[in-house]
Amino acid sequence: MLGKLDLSAFIHGPIETVAQLSVVFGVVVVVGLLSYYKAWGWLWREYLTSLDAKKIGIMYIALSFVMLARGAVDAFMMRTQQAIEVGANSGFLSPDHYAQVFTAHGVIMIFFVAMPFMFGLINLIVPLQIGAKDVAYPFLNSMSFWLTVVGAVLINLSLVVGEFAATGWLAYPPLSELQFSPGVGVDYYIWALQIAGVGTLISGINFLVTITTMRLKDMSWMKMPIFVWTVFGAMILVIFAFPILTGTLGLLSLDRIAGFHFFTTDLGGSAMMYVNLIWAWGHPEVYILILPAFGIFSEIVPTFSQKRLFGYTSMVVATLAIVFLSFIVWVHHFFTMGAGADVNAFFGIMTMAIAIPTGVKVFNWLFTMFRGRILFKTPMLWFMGFLTTFVLGGATGVLLAVPGADFQLHNSLFLVAHFHNMIIGGVLFGFFAGFVYWFPKIFGFMLNERLGVYAFWCWIVGFVLAFIPLYILGLMGMTRRLYEVSPQFHPLLVVAGVGAAVIALGMFFQVLQLVVSIWQRKENPAGDNPWNGTHLEWQTSSPPPFDPERSNDGVMVGILAGLFGFAMIWQIWWLAVIGLVGVLAVLIARSFQHHEHS
Amino acid sequence: MTIKNYIIGFVSSLAITSVAFGLMFKHLASGHVWPAHDAMVPILVVLALLQLIVQLVCFLHLNKAEVRNWLTFGFALFIVVVVVGGTLWIMNNLQQSHAESDHDHVTPQTLDD
């Protein structure tokens, strides 16, 4: 009746129970507050069922902030474990729990922090920047959002019911196969990503169509703001890369549920094929995240340098070059798997080549600042923090692109430091910059500047403290994902732990900044164009007019897809059928109604 | 007429799918005799390509002289060639280097980054 689900799924060790209780407690508090303030109707009408791209964008960003808190707690647990695990002290996490924590950290930060943050900013700004009233398919936009929420809910549900994958964030077989991971952890991983991935794919189509067909008449391709160009590039990558992820995870779930042998070690399966396929998606994925961040900086640098962007055409060409090249570099994630020198050399050279268009962008931003009258507001600070850290990360990336060097550094903390360098210093700083920059447009009041500056300095100092030691540790030979650490690594791990604490202080200032700014919103009205921006989004009112159009179907699809996902994880087949048929029924019923939007 | 296109597409998709399944059942039911084992794979590939063309023309409107559609299709082809071709190249290469070397010493590293 209930598949693999029974009472033992709710019983955990002491630390896991704390996590379990805090999820339940959090849900109870939110539900209680909403009921106390009688806010359910308002929330339902104004946000949950809204089809307005800006409302959906706000919800995406709220989701990403909640998940950022969760992912950050995971990070702090790992840093604490490695910092206190010395001598007789074996730390506070069990090995299996530690493996779940680093897996959840990676999955959450990429899929449920960076992706929703990106889609949130795109929803808020792209329609305004191209002069469109909304996106091409407002209902699909709502549905995409709810499918992403379902993925996030499933990940958090794994804290309460059952367990999460303990395989690393890409769930490589044979470890992720049934033989070695018999629990439901990997199934939580698979179905959270499958459902959220469908949402991402639909969003990609939605924005590609919006940008292609809904620009103002006078906005030719070469008049589009660079942010729109980079989103265009990122959406192309979404459309072509995400089906590979869906297919690969689909094959893995066939292995696990139906006894297939795509990636097993016997009966003709090949685990190496999984690694190859997952990275054919995984490499474009990192460019999906970084391209919009590049676009945000291309908006911010001219505004705060009070000059035109230097080299518009080369920015466009560089963006498109990255789109092409990002599909031809994926082997650099597994140089050590044993391919010959020809394969490794080809992909190594391609990887070095993709640094060229990125370098073009960096020089364009520098030349934009050159002889400009630079205003050091928070968005510009985030940019300059990005520039210094990202160039360092780029340099270590080119180093890792040399197969010979990679053989030494593969799977070490050097690599961990490199990609955090790109994703925190690049993607996250970019999205923070965009958030501060466009916040006044969407909400009509300014964010507190002083607290924003404090947050920035905590982040950048904390980042350096937390990740430069990891570069050194990597060169010393420390590998990643270690539960027990040799004593000679310990001092630098303590430094990294201090860095994580400084980052936590930065996050505290960001929360404080939001609270204080909302508190003082009457004193700090934004006006239509607080930063003297030149693009179309600044030509409308702040906040811009919202579209009252709404539909309950998006939430319905989300709930039914969530039931389907949960049922697939626990193999409750009747519920899976109900969920899947329900989703199709809602969509078919909707197609028979007449809508102004589709 | 779009409706006409969709109906033609729907019916021919169904037909192609049923032919593929039908032949496969026939193949299994006849104990791998008719259609012969060696013939099945080419037959299925041809049917799959037919299916692809039907869907592209009838559902994705690739019959018109619209430049944008053909550009998109061209890029899709490029990606398919890169991913499928690249995968074949990489996997063949891996297999060869693993076959050449001493089996006792080669454990394929499957740690991601």
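Any read-out appearing in this document is the output of simple, stated calculations on the displayed coordinates, not a laboratory observation. Predicted model only: the values in this text are computed from it and were never measured. Positions of Cβ are generated from backbone atoms using ideal geometry, with glycine treated the same way; all protein chains shown enter the neighbour counts.
Using unit Cβ charges (K, R positive; D, E negative) and no other charged atoms, how large, in debye to the nearest 20, is the dipole of segment A:455-578 about its Cα centre?
Details: 5 positive and 7 negative charges, 86 e Å.
With Lys and Arg at +1 and Asp and Glu at -1, about 420 debye.
Mean Kyte-Doolittle of at least 0.0 and a Cα length of 27 Å or more along the axis: which whole DSSP H helices of chain A meet both? List each step's numbers first, then the result.
Working: long enough: A:14-36 (32 Å, 1.79); A:53-84 (46 Å, 0.85); A:138-160 (33 Å, 1.59); A:185-213 (42 Å, 1.16); A:226-258 (46 Å, 1.87); A:271-305 (50 Å, 1.09); A:341-369 (42 Å, 1.18); A:378-400 (32 Å, 1.50); A:449-476 (41 Å, 1.65); A:490-519 (43 Å, 1.91); A:573-592 (29 Å, 2.06).
Span-like helices, by this rule, are A:14-36, A:53-84, A:138-160, A:185-213, A:226-258, A:271-305, A:341-369, A:378-400, A:449-476, A:490-519, A:573-592.
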statement: Note on the protein assembly as shown: alpha-carbon gyration tensor, axes a ≥ b ≥ c; rule is a/c under 1.5 for rounded, else prolate if a/b larger than b/c, else oblate; result rounded
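What shape does segment A:54-147 take by its C-alpha gyration tensor, where a ≥ b ≥ c are the square roots of the eigenvalues and a/c under 1.5 counts as rounded, a/b above b/c as prolate, and the rest as oblate? Write down the numbers at each step before the final one.
Numbers: a/c = 5.06, a/b = 3.46, b/c = 1.47.
Note, shape of segment A:54-147 comes out prolate.
Rounded if a/c is under 1.5, else prolate if a/b beats b/c, else oblate: with a ≥ b ≥ c from the C-alpha gyration tensor eigenvalues square-rooted, which is segment A:507-598? Kindly include the intermediate steps, with their values, before the conclusion.
Working: a/c = 3.99, a/b = 1.85, b/c = 2.16.
Because a/c hits 1.5 or more and a/b fails to exceed b/c, segment A:507-598 counts as oblate.
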message: Once you place label points 7 Å from the Cα toward the Cβ at residue A:408 and residue A:518, how far apart are they in nm?
response: 5.1
- prompt: Which ³J(HN,Hα) values in Hz, rounded to whole numbers, follow from the phi angles of segment B:24-33 under the Karplus curve 6.51 cos²θ - 1.76 cosθ + 1.60, where θ = phi - 60° and Gly and Pro get x?
  reply: 5, 5, 4, 4, 6, 5, 7, x, 6, 9
message: Just want the ordering: A:191, A:570, A:44, from fewest to most Cβ atoms lying within 10 Å of their own Cβ.
response: A:44, A:570, A:191
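Considering only the other residues whose Cβ falls under 12 Å of the Cβ of residue A:433, what net charge follows from Lys and Arg at +1 and Asp and Glu at -1?
0
Identify the chymotrypsin sites (Phe, Trp or Tyr not before Pro) of segment B:53-94 meeting these criteria: DSSP loop state and at most 13 other C-beta atoms within 10 Å of the C-beta.
On the way: sites: B:59, B:70, B:73, B:75, B:78, B:89; in loops: B:59.
Those satisfying the criteria are B:59.
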- prompt: What distance in nm separates the simple spin-label points at residue A:180 and residue B:44, each placed 7 Å from Cα in the Cβ direction?
  reply: 2.9
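Which longest run of chain A has no exposed loop site in it, a site being GluC sites (Glu not before Pro) in a DSSP loop with at most 15 other beta carbons within 10 Å, and the site itself not part of the run? All intermediate terms of the calculation are to be shown ahead of the outcome.
On the way: sites that count: A:484, A:523, A:596.
Longest gap between qualifying sites, sites excluded: A:1-483.
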task: Search the structure for amide H atoms under 5 Å from the amide H of residue A:445, placed 1.01 Å from N in the peptide plane, and list their residues when 5 or more places away or on another chain.
output: A:526
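In segment A:33-103, which trypsin sites (Lys or Arg not before Pro) are in a loop and have at most 15 other Cβ atoms within 10 Å, using DSSP for the loop call? Please list the in-between numbers first.
Details: sites: A:38, A:45, A:54, A:55, A:70, A:79; in loops: A:38.
Here the trypsin sites (Lys or Arg not before Pro) that fit, given the DSSP loop and packing criteria, are A:38.
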- line: The long-range amide H neighbours of residue A:339, using H built 1.01 Å from N in the peptide plane and a cut-off of under 5 Å, are none
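For chain A, with only Lys/Arg (+1) and Asp/Glu (-1) charged at the beta-carbon, what is the dipole magnitude about the Cα centre, in debye rounded to 20? Walk me through the intermediate numbers first.
Numbers: 26 positive and 27 negative charges, 332 e Å.
The calculation lands at about 1600 debye.
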- request: Compute the signed sum of charges (Lys and Arg +1, Asp and Glu -1) over the other residues within less than 15 Å, Cβ to Cβ, of residue A:100.
  value: -3
